[in-house]
Structures are given as structure tokens and as C-alpha cells.
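S.K.: Quick one: the structure is below, questions incoming.
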Number of protein chains: 2
Amino acid sequence: MNMSAASERLVVIGGDAAGMSAASQARRLKGPEALEIVAFERGHFTSYSACGIPYWVGGDVEERDELIARTPEEHRARGIDLRMRTEVTEIDVAGQRVRARDVDSGAESWTSYDKLVIATGARPIRPEMPGADAPGVHGVQTLDDGQALLDTLARTRGRRAVVVGAGYIGVEMAEALINRGYEVTVVNRGSEPMSTLDADMGRLVHEAMEGLGITMVNDATVTKVLTGEDGRVRAVATEDAEYPADVVVLGIGVRPETSLAKAAGLPVGRHDGLLTDLAQRVRGHENIWAGGDCVEVLDLVSGQERHIALGTHANKHGQVIGANVGGGYATFPGVVGTAVSKVCDLEIARTGLREKDARRAGLQYEAVTIESTSRAGYYPGASLMTVKMLAERRTGRLLGVQIVGREGAGKRVDIAAVALTAGMTVEQMTALDLGYAPPFSPVWDPVLVAARKAASKLRAA
Amino acid sequence: MNMSAASERLVVIGGDAAGMSAASQARRLKGPEALEIVAFERGHFTSYSACGIPYWVGGDVEERDELIARTPEEHRARGIDLRMRTEVTEIDVAGQRVRARDVDSGAESWTSYDKLVIATGARPIRPEMPGADAPGVHGVQTLDDGQALLDTLARTRGRRAVVVGAGYIGVEMAEALINRGYEVTVVNRGSEPMSTLDADMGRLVHEAMEGLGITMVNDATVTKVLTGEDGRVRAVATEDAEYPADVVVLGIGVRPETSLAKAAGLPVGRHDGLLTDLAQRVRGHENIWAGGDCVEVLDLVSGQERHIALGTHANKHGQVIGANVGGGYATFPGVVGTAVSKVCDLEIARTGLREKDARRAGLQYEAVTIESTSRAGYYPGASLMTVKMLAERRTGRLLGVQIVGREGAGKRVDIAAVALTAGMTVEQMTALDLGYAPPFSPVWDPVLVAARKAASKLRAA
């Protein structure tokens, strides 16, 4: 393949979901004679599912490589000049070039670009406290992190685990460690786990986690990690108490990895993520695109920018960028903030705005909460679920839905996600023609029950 | 309760989902002093789930009474003058009265009304052929039918069952009889089972049913039921063959029960169902409402009227009628034709138009079919599903979705049902923010994969 013959060069920084989706999609649209594609990845892996790490650690997924959607070799076979273990250290916007360093040899060189894609992802928030780097304390951001944690679990005799943080990663890691036979304590700064839900819904998660044998410590900030004589972790300390720990998992969340972009003068928003237009082009820059965990996304419900690190957005960004870079046209209009997760058999879902989001966005609303079942009440396996729904006063527009339940609860949030995207009112939702048969739903789907109650409350208001 | 003091009287014909929902909702809005409610039901039961009968016959639901949402006594306790085993035999529209006959005594009397609700439901299509009434041949429309079938199953020593018809009721009854240990043959007039799907998707149901040990006979019309010397069914005959049968279940579908309404001169459509306005008022009649299986509904995708016998519509109609009769306001805007069903672990769903519906409605379209998985491919329990999607040429509007798969396939159709209701294009759907986590979905939900393929095909067309 004569890459030097290409009429233009695309450089991609970051070899995971957004970057490699963009590269692959651009390659589908333009062959090597028209577009040279150079991609830099500082780690050992490309295109893997970080979201799958908790299930690998928990044993549901046996092999690390199952999480890898496409290997470096596969990307290269598709005509992408992929440079692994090569870290981009500088973007020279005016000069249209990037400086990259071979991680192993330290050798540096400049590569010029006609078009640039920034997909540098996110970095985990590591608490600044004594002992945070002690052996036995693990993040779960990368495949290397996952392997290190598994190595620790294999070596450690004690069975006490402390998870710091009770968001998605925290609760998923709690499940993983329960599945590995650990006594699990989750230490959470908030008043209830899953702060992506309102506290009344988080309370349901709390109760279910305790039902699973997980010890939930709320309103507690970890102040230090205590180590033993061997230097390994032995406990986690909060202001009020100590929690013995043979292993500690940090699941506090992530921030956009935008140091490189900021150093190059590219615009970031109040969450420190790159700001783009609807075509995922970095604002003010004709030939630079960005996507995935390093950008902010438009929340279509609140009209405000958010940072959401989620593989499904990263993949969509990559497709959109690839189409635009490859001479096509596509946009990413924004998100409504949908997320699903589970802790053992408890399913947790949300979309749209929580009460505090609605207030912050200046919206007045009514909130209702209902209980219903996943199937017709008489059908085997019917389980309770709780649905909370917010709707705007005056307009009646759906603002958000939160669901906590068992099998069949989580993906019901998609009904609300589509309704939010379409700007439906809760009154309109009461007439939705959703799938009904006794093994699948009560005659009124739980989402419809919530919509009816919300519509009724709005009429009475 | 002094009902004679009420300022007006509502008469309801039919004590099942639509009629009793209407009565209950009207009662919630108006007390007995303002509205007298008289309801007539010719059978033994009120407000039961006919959709649940296959699961009761199959043993998933143990007791008949679990299918009864509200008993006559419960309705009466709410101030509804419910007259069981009383059949309305005539509607006198000009005189604003109905004639009713006590089924047991034969006594007849007239009851006047200010407002009338017709909720006479549907009647099963019984093939006109020799032997159709022989002992051992059963419909499954009512609780009495279900009990009669269960009695036959308990008495019959042979284990060969023939199900006539391969629509929802047919395939659900096939499952029920498999669960009861029968050898099941399904005789189907169409080229594939589930004619509510396109034949290419019906083919997948066919294959799965055979995998479950069900013998599927397509393109075959039952010509007669053969009986033995004892007068009981012994086989089912088609033009080409005979299928030995110890029990026969008729699951051919239903038609609106509108003989009473037609005799009274009320308007019916081309499916023989009553025609109503959006408030469920019978067209041209200020004080008569109708809902449930006896009416036609507006298909919002094709703009044409259809007859769909489904409990979820009947309940919605009842709510709407009750609100309007009770002095409130509500409408039933129409359906998009969503339906879900299952045969053992096979889930079957559809919404919107099939190819032939689209052609009949004068729509030009592109159709795509994709295979994907219910969860991330690496996550335990991920199972294949096939999604077929139709989109209109030029506008790109979603026209319909059909899904055949295992766990997690059926209710995914709700995503498309909401998108259809909102008039979304498949291009818009590619950006939908659906719930993603490895236990719930691949990073691109199967519905999004189909939308991407449809959008791409439309762009290329």
C-alpha cells in the first residue's frame, strides 16, 4: 500500500471506541489512495469495552480478549497505520502536526495532518489522599487495570473488599466482588448510592444492595487508605470509621482527558471536556474533530452541556466523525442522558432530568412515583418495579424517568428515552401503543402507569 | 345508595375490559348522586384477562381466578349496578333504551339510558365445517372456554393436539399444549406462521417452533374435523392430509361482535367494527360511546382503520370513555399496531406496517434485516435476534419493525412503537440515546443497527 500517494492525511489520537470507529468509518468511505490514516494509541489495546471490565473481574466474562472488539492487527489489515504504545505529547494546531513519543524507546517525532481527530478519552478521578497508590488499591478504567485487580484478587487471601464510590462503576464492582465471594463494603460520599438517580430512588438501590449482603456506607468520605507493615492496603478510613480491606477498588468516576487539547488552545467547557459542533468538529476549528469521553455533549432536555463517559456515545461520535472526515455528512444531535446498570438481579435505569437537574435548568415540574410489575401480575416471574417520572408544568412535556426493579425494568427506560427525544408530553405518552402480552407487561405498561399519574397530577395542579 | 336520585343514567353493555374500565373511570369522576351506572354482562365473569387464558391452560397460571382483575362484587362495591348473566338483545337508539334478557329465567325488560357504552367485544371465528362442534374441539376466547379445554385435557388419555391457526392465539396455545406434554401440530392457512409478520420473519418463527418439537403445517386449510365412534374428535382433515388429534384448539382469530349495534343502525367499518371519533364516541351519535374489541381503531402509520382485539387497547378505550362520560376529556388517538408474543423462549414482536401493509397504503419503502444480540456479545446469555425495519422512501420515516429472537427481543419493539408515534425518520433514530450496558445491550442496540442500515439504504437509493 503506497500511503505516501494519498492526497490527504488523517491523524487520530486515541485507539479506543471513538477514535477507531472514526478511523474505520472514514476508511469505509475513502480508500488509502485518497486518505492516509495514522492513529496513535499509548496503551496496549484498541477498541475494547471498558464497560465490560466489571463483568470480566466478576467472572461473567472469562477472557480479557472477549472485551476487545478489534485488535491492532485487524485495524492495520483495514489500511489504518496504527501506532501502538505511542503517546501524542503535543498538538501544534497552527502547524497542523502532532508530536508523538514511543512509550518504550522514548523516541519522539512529528507527524503532520490535514485532518485531526481527538479521542483521548477520560481519566479516572483518583482521590488525593495518603495511601491511594498502595498495593491492593485498584482503578478499573483500562484492561491493564482489570488485569492488575484480577492478579491482586488471585494473590490475596483475605476476603474483605471496599469499593469507594457508589455510581455505576461502584455498584458494578460491588456485584463483581460479591460474585468472587468477597465481603463487600461500599463507601459513598452521597446520601444514597447511584447519585445519577434522585435520592428517593437511590434509597431503593441501597435497600436492594443490603439485601444482597453488601454493606452500604453513605455520607462518608474516604480520607486515607491505611497500609500494613507489608505496605499493602489493610483498611480504608473515613472521618468517622475504619473499614478493613484486603482489596480496595476506586470507582469514583472519570474526567475528560483534555490536557493535550487544552495545551493546544482548543476550547473546553465547564466539565473540562472539548466543545464541538453538531458534526463533532471542535468549535472554531475547521479540520479538527473530537468525540468520546473527552468531549462534552449537549443534553437535549436541559439544553446544557454535560460530560458522560459511555461507550455508546463514543461509538456514535466515531461514526459521525468518520462520515464527516470521509466526505459524507452526519451529526450527533445530543443525548437525553439514558443509562442502565445492574447490581446482581437489581436493574437500575434513568433518562432525562432528575429533580435537581430540572431545578438547575430553571424548569418547574411535577414528579410522580408508581409501583407496577414487569409482567401481568398473574404471570410467573412478574416482579415489582418502581418508576419515577418528571413532567414540566404548563407544557406537560416529559422531563425524565428513573426505574429501579428486577428483570425487565432496565431497558423499559428506552420508551422514555425515545419519548424525550421526540419531545412528547406525558399526556401523549398515556396513549402509547406499547407491546402487551402477559409474559411481557401488565395491560398498562409501568411506564404508562407513571405517565397517567403524571398527566393526572399536572391537570390537577 | 339511592340510585333513583341520580340525575342521569349510564348504561354499559359488556362487563369486560373496555366496559368496566369505562364504568369505573366514570364512577371515579362522578358519584352515584350524579350518575347512575347500570352494566350488563351476559357471562359469568367481569374484567378478566382473555390474553392470559393460554398461560392458564399451559399451567403457568394455576387458578382461573388469577385472571380476574375485578369481580362483580368488587364492581358493585364501587357503586356500579352490575347485572350478570343478562344479555342485551336490542338497542333502541331513538328511544334511548336497551332491552335485556336474564339468561337463566328468560325474563326481558327495557332500561332507559342517557348515555350508552357499547363494549360487546369480539367473537371467535369458527370455521364452518363438519365436526367443528364435536367434543374435543375448543375455542379459547372466554374463561368458560378455557375451563372446558382444561376439563377435556384432564379427561383425555391421548397426547396428540392439533391447533388450527398460527397467529398469536395459535402459537401461544401450541406452547401451552407443549407445556402440558402434548405432541402438537399447528395447521396454518398461510405460507408461514404469524401472518402479522412478513413471511421472511414468519419463517424464523417456523424454524424455532420446529426446534421446539412442534409440527408446523403451512399452506393448509382445515376442511373437516373427523370424529370417532364415540362422537369425539379423532383427527383434523385438510385437503391433502389427516392429522390425528385427541384434542383440537381453534385459534383462528376473532371478529367484532357488533350484531346488536348493526341492528340498531350504528355505523360499522369494513372490518365490521363500530366506527368512533377520537373521543370513542360512535360516529354521528352524541351520547353513545364504544370501545374494546368491538370497534375499529385508526392505524396512525397507514391512516386506515383496522380491527385489533387486544386488552391494552380495550383498557385505554375504557379509560377514555369513562373520562368523557364522567365529564372530563380524553382521546384515543390511534394505534401503531404493536404486538408481542412468545412461543416458549422465542419472542416475537411487531409494530407498524409489514411490506404488504405499506404497499396497500400506497407507500414506497426500503426494507432491511439485521442480526444482532440482546446483550454485549461477550456477556453471558447474549442471544441472537433478527430485526426487520421498513422506512419510507423520500421522507425516511420509520414505517415498521419486526423482531424475532429470545429473551430481551420482544419488548425492544417499544422503541420503534414510540418512534413511529413520534413520526421519526430512521436517520433520526440512529442517534437515539438508548440504555447501554453490557448486560442489557450491545454498544449499538439492535434497533439502532437496523436504523443505521435502513438510513444507509435510503441514502443509496
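S.K.: Could you check the simple spin-label distance between A:Asp65 and A:Arg126, using points 7 Å along Cα→Cβ, in nm with one decimal?
M.R.: Using points 7 Å along Cα→Cβ, the separation is 3.0 nm.
S.K.: P(r) of segment B:169-317 in 5 Å steps, Cα pairs, percent per bin?
M.R.: Answer for segment B:169-317: a P(r) of 2, 8, 14, 15, 14, 12, 12, 11, 7, 3, 1, 0 percent.
S.K.: Per the helix-only calculation at 222 nm, which mean residue ellipticity applies to chain B, given -39500 (n - 2.57) for every DSSP H run of n ≥ 4 and division by its residues, nearest 500 deg cm²/dmol?
M.R.: So the helix-based figure for chain B works out to -7500 deg cm²/dmol.
S.K.: Something else: For B:Glu108, which inter-copy label distances result when the label point lies 7 Å beyond Cα on the Cα-to-Cβ vector, reported in nm to one decimal and in ascending order?
M.R.: Distances between equivalent label points, in nm: 10.2.
S.K.: Report the extension gain between B:Leu212 and B:Ala154 in nm, rounded to one decimal, defined as 0.36 nm multiplied by the number of residues separating them, less their alpha carbon distance.
M.R.: 18.6 nm
S.K.: Further, regarding this structure: Based only on other Cβ atoms within 10 Å, what is the fewest-to-most ordering of B:Lys457, B:Lys388?
M.R.: The most exposed by this proxy come first: B:Lys457, B:Lys388.
S.K.: Still on this structure, please answer the following. On the principal axes of its Cα set, how long, how wide and how thick is segment B:260-411? Give whole Å, largest value first.
M.R.: 59, 35, 28
S.K.: Further, regarding this structure: Suppose R0 equals 35 Å. What FRET efficiency, 1/(1 + (r/R0)^6) with r the Cβ-Cβ distance, do B:Arg393 and B:Thr221 give to the nearest 0.05?
M.R.: After rounding, the FRET efficiency stands at 0.45.
S.K.: Only counting other Cβ atoms within 10 Å, I'd like A:Asp246, B:Asp445 sorted with the fewest neighbours first.
M.R.: Listing A:Asp246, B:Asp445 from fewest to most nearby Cβ atoms yields A:Asp246, B:Asp445.
S.K.: Let me ask something else. What translational diffusion coefficient, to the nearest whole µm²/s, does segment A:332-409 have by Stokes-Einstein, given a Kirkwood radius computed over alpha-carbon pairs, a temperature of 25 °C and 0.890 mPa s viscosity?
M.R.: Once the numbers are plugged in, D ends up at 180 µm²/s.
S.K.: Then there's this: What base-10 log of the normalised intensity I(q)/I(0) is obtained for chain A from the Debye formula, alpha carbons as equal point scatterers, at q = 0.07, 0.11 Å⁻¹?
M.R.: Normalising to I(0) and taking log10 leaves -0.40, -0.96.
S.K.: Using the 10 angstrom Cβ neighbour count as an exposure proxy, how do B:Ser374, B:Ser441 rank, fewest first?
M.R.: So the residues, fewest neighbours to most, are B:Ser374, B:Ser441.
S.K.: Just to be sure I understand: if I project the alpha-carbon convex hull of the protein assembly as shown onto a plane and average over all orientations, what area do I get in nm²?
M.R.: Over every viewing direction, the Cα hull of the protein assembly as shown projects on average to 42.9 nm².
S.K.: At most 15 other Cβ atoms within 10 Å and a DSSP loop assignment: could you name the chymotrypsin sites (Phe, Trp or Tyr not before Pro) in segment A:281-380 that fit?
M.R.: Within segment A:281-380, the qualifying chymotrypsin sites (Phe, Trp or Tyr not before Pro) (loop, at most 15 other Cβ atoms within 10 Å) are A:Tyr329.
S.K.: May I ask you to list the GluC sites (Glu not before Pro) in segment B:71-122 that are in a DSSP loop and have at most 16 other Cβ atoms within 10 Å of their Cβ?
M.R.: none
S.K.: What does the copy distance list look like for B:Gly31, label position 7 Å along Cα→Cβ, in nm and ordered from shortest?
M.R.: Label-point separations across copies, in nm and ascending: 8.3.
S.K.: Starting from the coordinates of the alpha-carbon atoms of segment B:125-251, obtain the Kirkwood hydrodynamic radius over all distinct pairs and give the value in Å to one decimal.
M.R.: For segment B:125-251, the Kirkwood estimate is 14.4 Å.
S.K.: Diagonalise the Cα gyration tensor of segment B:337-458 and give the resulting equivalent ellipsoid semi-axes, square root of 5 times each eigenvalue, largest first, whole Å.
M.R.: 23, 16, 11
S.K.: Still on this structure, I have one more. Output, in nm with one decimal and in ascending order, the distances from the A:Ala279 label point to the matching label points of the other copies (7 Å from Cα along Cα-to-Cβ).
M.R.: Those separations, rounded to one decimal, come out as 5.1 nm.
S.K.: Follow-up. So which lysines pass the test for B:Lys411, namely a Cα distance under 27 Å, with those fewer than 8 places away in the same chain ruled out?
M.R.: B:Lys411 reaches A:Lys316, A:Lys342, A:Lys388, A:Lys411, A:Lys453, B:Lys316, B:Lys342, B:Lys356, B:Lys388, B:Lys453, B:Lys457.
S.K.: Turning to a different aspect of this structure: For B:Lys224, which aspartates and glutamates qualify as cross-link partners when the Cα separation must be under 12 Å and same-chain residues fewer than eight apart are set aside?
M.R.: Candidates past the 8-residue exclusion: B:Glu128, B:Asp133, B:Glu239, B:Asp240, B:Glu242.
S.K.: Kindly provide the GluC sites (Glu not before Pro) of segment A:264-372 that DSSP labels as loop, not H, G, I, E or B, and whose Cβ sees at most 15 other Cβ atoms within 10 Å.
M.R.: For GluC sites (Glu not before Pro) across segment A:264-372 that sit outside H, G, I, E and B with at most 15 neighbouring Cβ atoms in 10 Å, the list reads A:Glu286.
All of the numbers you see were taken from the coordinates with simple rules; none came from a lab. Because the structure is a prediction, the values reported are computed rather than measured. We place every Cβ from the backbone using ideal geometry, glycine too, and count neighbours over all the protein chains shown.
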